[in-house]
Amino acid sequence: MPRGASPKREREYNELKEKFHEEGRYEGREEEVAARIVNKQRAQKGETKQPSSDKKKSTGTKKEKGSSDAAGKGGSGAAKKAGTRKKSA
C-alpha cells in the first residue's frame with residue numbers, strides 16, 4: 001500500500017489480498033490486484049492528490065466513440081434496395 005493510506009484502506013487491502021489467496025483468484029497477483037482496487041477506491045473518494053479517470057468528463061462525441069447512424073440502421077439504403085428488386089423479364 002502507498003504511504004498515506006488510512007488504516008481503513010490498509011485493512012481493506014489485507015482483507016482483499018487474503019480473500020483472493022483463499023479463493024485461488026489472481027494467482028501470484030493477489031497483492032497487485034488488491035492494491036489496484038484499493039487505490040481506485042481512494043481516488044474515487046478523493047483521498048489521493050490525483051482524481052481517478054472515472055471522475056473526468058468525456059469530451060468525445062458519438063461519432064468519435066464509434067457510433068454511426070448508418071451502422072445502427074443496417075447499412076445504406078441503396079444497398080438494401082438493390083438486393084430486393086425484382087428482375088423484369
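The values are calculated or read from the model by the stated rules, or taken from the named source; none is laboratory data. Because the structure is predicted, anything quoted here is derived from the model rather than measured. Counting neighbours? That spans all protein chains shown, and the Cβs are built from the backbone with ideal geometry, glycine included.
For the reader, a short list of remarks on this structure follows.
- Residues of the stretch 5-27 that are under 21 Å from E47 (Cα atoms), in contact with a helix residue (DSSP H, G or I) (Cβ under 9 Å, 6 or more places away or on another chain) and surrounded by fewer than 17 Cβ atoms within 10 Å (Cβ to Cβ): S6, E10, N14, E15.
- Answer from K49, K63, K45 - the residue that is among the basic types (K, R) and at pLDDT below 60: K63
- A search for C-beta distances below 9 Å between a residue of the stretch 11-32 that is within 13 Å of M1 (Cβ to Cβ) and among the aromatic types (F, W, Y) and any residue that is at pLDDT below 95 and not in a helix (DSSP H, G or I), counting only pairs 6+ apart in sequence or on different chains, returns Y13/M1; Y13/A5.
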